[in-house]
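A short worksheet on the structure shown next.
Quick note: the coordinates plus some simple rules give every number you see, no bench work behind them. Remember, it's a predicted structure, so these values are computed and weren't measured experimentally. Reconstructed Cβ throughout: ideal geometry from the backbone, glycine too, with neighbour counts over all protein chains shown.
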Amino acid sequence: MSAVITCVEDLRAVARKRVPRLFYDYVDSGSWSESTYRANASDLARLNFCQRVGCNVADIRMDTRILGQPVSMPVGLAPAGLAGMVHPDGEILAARAAAAFGVPYVLSTVSICSIEDLARHAAAPFWFQLYVMKDRDFIERLVERARAAGCPALVLTMDLPIQGQRHKDIRNGLSVPPRMTLRGLSALLARPRWCAGMLRTSRRTFGNIVGHAKGVGDTLGFSEWVSRQFDRTVSWDDVQWLKQRWGGKLVVKGVMDARDARRAVDAGADAIIVSNHGGRQLDGAPSSIRALPAVAQAVGGRAEIYLDGGVRSGQDVLRALALGANAAFIGRAYMYGLGAYGQAGVARCLDILRRELESTMTLCGLTRVQDASPDLIVNPYTAFKQQGDHA
Ligand SMILES: Cc1cc2nc3c(=O)[nH]c(=O)nc-3n(C[C@H](O)[C@H](O)[C@H](O)COP(=O)(O)O)c2cc1C
């Protein structure tokens, strides 16, 4: 690696230099004013750890299970669309890094690499994320394709009946593949390493969709297509239907409310991801860490609970576990690593989190990751209220 990488922020800085502007901005932005995007990280940072001493921390164990699958640490790679545009063959590289590390990788519906292609090239089974779209035949086929690829879990994303507006994507004219206007082309040519990689790969469009969904051409105005295809009628009946159709482990993503969490479990969810889509959907929604305790309480152990949103360090992973999550999922953190150095960058990101988690556990006197509890945090339930905040 050409730069000194000490933390995820270092990976972000390199990615910014290496990824074409329109794809870097696609990753590093939230909807509208980006207040929820910022709150995800800043609320995590508000949680102070109880520093403990004299606890014999010679043997720290981070391995655990996620949905019954053994993992080396309680972290997963969240579904991220267009990873194959952030880095050529990005999904394959990220999935390989996750497999080498022993953590789950979730392939997005709107990935560049298709399910079948990833199944051929990944080193381990991966989870598949599904959006509910109007074309239900297409959804049924996607479910069967995920089954045929041996995916051990299906992640249903519920928080996208419409797409949140990201100003930068509009200004940049985001499309896949990028439109070859003079401005667009000069922005791509400013990133020669990326261009060379893209010329070497044939994966340059939505692999799960183009050629599989009706009426979808080769070049897609992303927002335009999303607004045409994504289904606003989605309800808990669809979740129940999907659970029956799929029959395997079902994870419901995008739950921020205790009432919705109960309905998700009643509809058959084996796990819930407390998530506001990384601040990319409802701007003004609370941070996901703030929503976590109430969701965990409502679920009461009937399903596993994961958190994503703003997780940039091992400290953040431990904060999520302390407030009730079984695992934390990362989005931008690994996408920065991917944009910076491909597979090695994702591996570096995971290694950074692992080391930070281990050190934080050590200094908090926690030897087994499964034993994380609110006791790790100073005033865990009033932490957000303390600093003049009345939420
Ligand atoms: C570039 C990008 C693309 C995303 N694409 C998807 C997607 O296709 N499906 C999905 O369910 N979530 C998607 N998400 C949301 C992530 O799964 C996750 O909820 C979010 O990134 C977590 O926040 P973090 O990036 O702060 O870790 C995307 C997020 C980013 C940053």
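Starting from the amide H of A153, placed 1.01 Å from N in the peptide plane, find each other amide H under 5 Å away whose residue is 5 or more places distant or on another chain.
Those qualifying (amide H under 5 Å, at least 5 residues apart or on another chain) are F128.
Give the shape of segment 269-323 as rounded, prolate or oblate, defined through the alpha-carbon gyration tensor: a ≥ b ≥ c are the square roots of its eigenvalues, a/c under 1.5 means rounded, and otherwise the shape is prolate if a/b is larger than b/c and oblate if not.
Oblate is the answer for segment 269-323, as a/c is 1.5 or above yet b/c matches or exceeds a/b.
Which percent, to the nearest 5, of DSSP beta bridges fully inside the chain are antiparallel?
Here the antiparallel bridges make up roughly 20 percent for the chain.
For segment 129-139, in order, what is each residue's ³J(HN,Hα) by Karplus, 6.51 cos²θ - 1.76 cosθ + 1.60 with θ = phi - 60°, in whole Hz (x at glycine and Pro)?
Once θ is set to phi - 60°, the couplings for segment 129-139 become 9, 10, 9, 7, 10, 4, 7, 5, 4, 4, 4 Hz.
Can you work out the FRET efficiency for the pair L363 and A13, with r the C-beta to C-beta distance and R0 = 30 Å, to the nearest 0.05?
0.65
Between Q244 and S202, 0.36 nm times their residue separation minus their Cα-Cα distance comes to what?
So the chain would gain 11.5 nm between Q244 and S202.
Helix 35-46 sits at what angle to the longest principal axis of the chain, using alpha carbons and giving 0 to 90 degrees rounded to 10?
For helix 35-46, the angle is close to 30 degrees.
Express in nm, to one decimal, how much length is gained between Y381 and R147 on full extension, taking 0.36 nm for each residue of separation and deducting their alpha carbon distance.
Residue separation times 0.36 nm, minus the Cα-Cα distance, leaves 80.2 nm.
Quick one: grab the alpha carbon gyration tensor of segment 1-128, order the square roots of its eigenvalues as a ≥ b ≥ c, and give me rounded if a/c is under 1.5, else prolate or oblate depending on whether a/b is larger than b/c.
Taking the square roots of the gyration eigenvalues as a ≥ b ≥ c, segment 1-128 is oblate.
I need the phi-derived Karplus couplings for segment 342-353: 6.51 cos²θ - 1.76 cosθ + 1.60, θ = phi - 60°, integer Hz, Gly and Pro marked x.
Residue by residue, segment 342-353 yields x, 4, 5, x, 5, 4, 5, 4, 5, 5, 4, 4 Hz.
Show the residues, 5+ positions off or on another chain, whose built amide H is closer than 5 Å to the amide H of Q281.
Those qualifying (amide H under 5 Å, at least 5 residues apart or on another chain) are S31.
Please report the spacing between the Cα centers of segment 310-387 and segment 1-68 in Å, no decimals.
One Cα centre to the other: 8 Å.
Work out how much length T6 to I170 would gain on full extension: take 0.36 nm times their residue separation and subtract the Cα-Cα distance, in nm to one decimal.
The span from T6 to I170 would gain 55.7 nm if fully extended.
What distance in nm separates the simple spin-label points at R120 and C50, each placed 7 Å from Cα in the Cβ direction?
Reported label-point gap for R120 and C50 is 5.4 nm.
Mind telling me which of V155, V216, V255 comes out most flexible in a GNM of the chain, alpha-carbon contacts under 10 Å?
Greatest mean-square fluctuation among the candidates belongs to V216.
If each of H212 and R65 carries a label point 7 Å out from its Cα toward its Cβ, how far apart are those two points in nm?
3.0 nm
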